[in-house]
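K.L.:
First, the structure itself, so that you have it in front of you.
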Amino acid sequence: MQNLALILPRRNLVYLLLLSLSAWLVFALLFLVVLINEGIPIVILPEVVLGGFSCAVIIRLVLAYAPARGAAKLDSVVALASE
């Protein structure tokens with residue numbers, strides 16, 4: 001049986017990743033709608049979209065992994081006692 005302290009941070013990491021990706025997509029779509037309504041010509045380069053998306057994913061993974069890893073290393077009794 002696997003240790004729950006190792007499973008839960010991974011699951012939370014996936015949830016945070018999906019949440020940040022969906023927020024990024026909503027923001028991008030809203031921005032495009034505003035630009036289209038203003039009549040501004042839009043040129044979308046795939047390299048720019050892929051680069052921005054990659055940076056967002058990397059930043060989110062780094063920022064979510066460190067606290068999850070630290071929490072997984074804590075003893076549950078010690079963590080609950082410190083609250």
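K.L.:
So Leu32 ticks every box in (1) over 16 Å from the mean Cα position of the chain (by Cα); (2) exposed (fewer than 11 other Cβ atoms within 10 Å of the Cβ) but one. Which box is left unticked?
P.N.:
So Leu32 meets the others, but not (2).
K.L.:
While we're on this one: Would you mind stating whether Val48 is surrounded by fewer than 10 Cβ atoms within 10 Å (Cβ to Cβ) and either assigned to a helix (DSSP H, G or I) or modelled with pLDDT of 90 or more (or both)?
P.N.:
Answer is no for this residue.
K.L.:
Suppose we filter the range 1-40 for residues that are of a type in the set (Gly, Ala, Ser) and modelled with pLDDT under 75; how many remain?
P.N.:
Total meeting the criteria: 1.
K.L.:
Under 9 Å by Cβ, and 6 or more places apart or on different chains, what pairs join a residue from the range 27-38 that is within 16 Å of Phe53 (Cβ to Cβ) with one that is of a type outside the set (A, V, I, L, M, F, W, C) and assigned to a helix (DSSP H, G or I)?
P.N.:
Ala28/Gly52
The values are calculated or read from the model by the stated rules, or taken from the named source; none is laboratory data. Fair warning: this is a prediction, and the values are worked out from it, not measured in the lab. Every residue, glycine as well, gets a Cβ built from its backbone with ideal geometry; the counts of neighbours run over all protein chains shown.
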